[in-house]
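First the structure, in the form of structure tokens, and then the observations on it.
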Amino acid sequence: MSSKYSRLDRFISKKLLIKRGNIRLLLAQQRVQVDGLNAADAAQRIGPFNQVIVDNIVLQEQLPFYIMLHKPVGVVCATTDPHHRTVLDLIDNSAYPNLHIAGRLDLNTSGLVLLTNDGKWSKGLCEPKSNIDKTYQVELEHNLNSDYVSAFAEGMYFSYEDLTTEPAHLEIMTDTTALVKLTQGRYHQIKRMFGRFRNPVKSLHRFAIGSLILCEDLKPGEYRPLNDTELAQLNVQIKQAR
Ligand code: URA
């Protein structure tokens, strides 16, 4: 994972072990290309997904990947785990190297998980101020009633973190099922919120992150790259939040 940006002269100097002062000469001689164009500015910012070539030697060439995965219950959102398969174990690492998870789900939660190699993107998506809502389908042990709706909307005080949860939207679907929309992701947040009513969660499934809906064709354990429209819509939401 890399979200680091560097000046072009510093980048080349590190890669080729040549003095930064000599890089101006390379630029003047048009021996450096960034994304297919001759580079002239030593201070040009280079990010992880810019292609950089010096004298026909490719110094960096990496495509960004944005993957939606249908996480099954029993698979852990972690890079490694001694006891369970991880979401990264489900993905072909040779096709999609260097992925990390953009927003975790609990072991026994299923549904939409995003993975990427673009650290700047996942930071924008996951930071608390992003306010991008996540929608969950919840099945409860006991019946729901309108008290739940108001308690979720008001927010609940969690003494362990000393915070009150952001207003959350709860829509009762049947006696024991609901849709919940959260803009934050505190530890076991939904289970703890229903725990206030001594109503255990039987199953929890995330089916949307902002405008992005888990593709119905994906069975648990399957994944695919986001298409251009999905990515563009999510990017609008990430930008709006900044
Ligand atoms: N809330 C939970 O309790 N678990 C999740 O995985 C996500 C939200």
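Specify the residue that is surrounded by the fewest Cβ atoms within 10 Å (Cβ to Cβ); the eligible residues are those in region 130-158 that are among the aromatic types (Phe, Trp, Tyr) and part of a helix (DSSP H, G or I).
Across region 130-158, the extreme among qualifying residues is Tyr148.
Which residue, of Ser146, Ser211, Ser203, is away from the ligand (no atom under 14 Å from the Cβ) and more than 30 Å from Asp228 (Cα to Cα)?
Just a single option satisfies the conditions, and that option is Ser146.
Give just the number: which of (1) farther than 30 Å from Arg20 by Cα; (2) surrounded by 13 or more Cβ atoms within 10 Å (Cβ to Cβ) does Gln44 not satisfy?
The failed condition is (1).
Could you list, ordered by first residue, the pairs with Cβ atoms under 8 Å in which the first is in region 179-203 and assigned by TED's automatic domain parsing to the domain that holds Met156 and in a loop (DSSP other than H, G, I, E, B) and the second is more than 8 Å from the ligand (Cβ to nearest atom) and among the β-branched types (Val, Ile, Thr), at least 6 apart or interchain?
Every condition considered, the pairs that remain are Thr183/Ile132; Gln184/Thr165; Arg186/Thr165.
How many residues does region 100-124 hold that are over 19 Å from Val76 (Cα atoms) and either touching a helix residue (DSSP H, G or I) at 6+ places or on another chain (Cβ under 6 Å) or not assigned by TED's automatic domain parsing to the domain that holds Pro200 (or both)?
The total comes to 1.
Could you figure out which of (1) more than 30 Å from Ser122 (Cβ to Cβ); (2) in a helix (DSSP H, G or I); (3) not acidic (Asp, Glu) isn't true of Lys14?
(1)
Out of contact with any Phe, Trp or Tyr (no Cβ under 8 Å at 6 or more places or on another chain) and within 16 Å of Asp118 (Cα to Cα), is that true of Ser6?
Against the criterion (out of contact with any Phe, Trp or Tyr (no Cβ under 8 Å at 6 or more places or on another chain) and within 16 Å of Asp118 (Cα to Cα)), Ser6 qualifies.
Residues checked against (1) at pLDDT below 95; (2) within 16 Å of the ligand (Cβ to nearest atom):
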site: Leu105; (1), (2): no, yes
site: Thr109; (1), (2): no, yes
site: Ala153; (1), (2): no, no
site: Thr183; (1), (2): yes, yes
site: Asn199; (1), (2): no, yes
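Condition first: acidic (Asp, Glu) and free of Cβ contacts under 8 Å to residues at least 12 places away in the same chain. Now tell me which residues in region 213-233 satisfy that.
Glu216, Asp217, Asp228
Given the condition aromatic (Phe, Trp, Tyr), on the phi < 0 side of the Ramachandran plot, more than 12 Å from the ligand (Cβ to nearest atom) and at pLDDT below 95, answer yes or no: does some residue in region 160-168 qualify?
Within region 160-168, one or more residues are aromatic (Phe, Trp, Tyr), on the phi < 0 side of the Ramachandran plot, more than 12 Å from the ligand (Cβ to nearest atom) and at pLDDT below 95.
Ile53: of a type in the set (A, V, I, L, M, F, W, C), surrounded by 17 or more Cβ atoms within 10 Å (Cβ to Cβ), more than 30 Å from Asn108 (Cα to Cα) and free of Cβ contacts under 8 Å to residues at least 24 places away in the same chain, yes or no?
yes
The values are calculated or read from the model by the stated rules, or taken from the named source; none is laboratory data. Just so we're clear, the structure is a prediction, and the values are computed from it rather than from any experiment. Don't worry about glycine lacking a Cβ; one is built from the backbone with ideal geometry, like all the others, and counts go over all protein chains shown.
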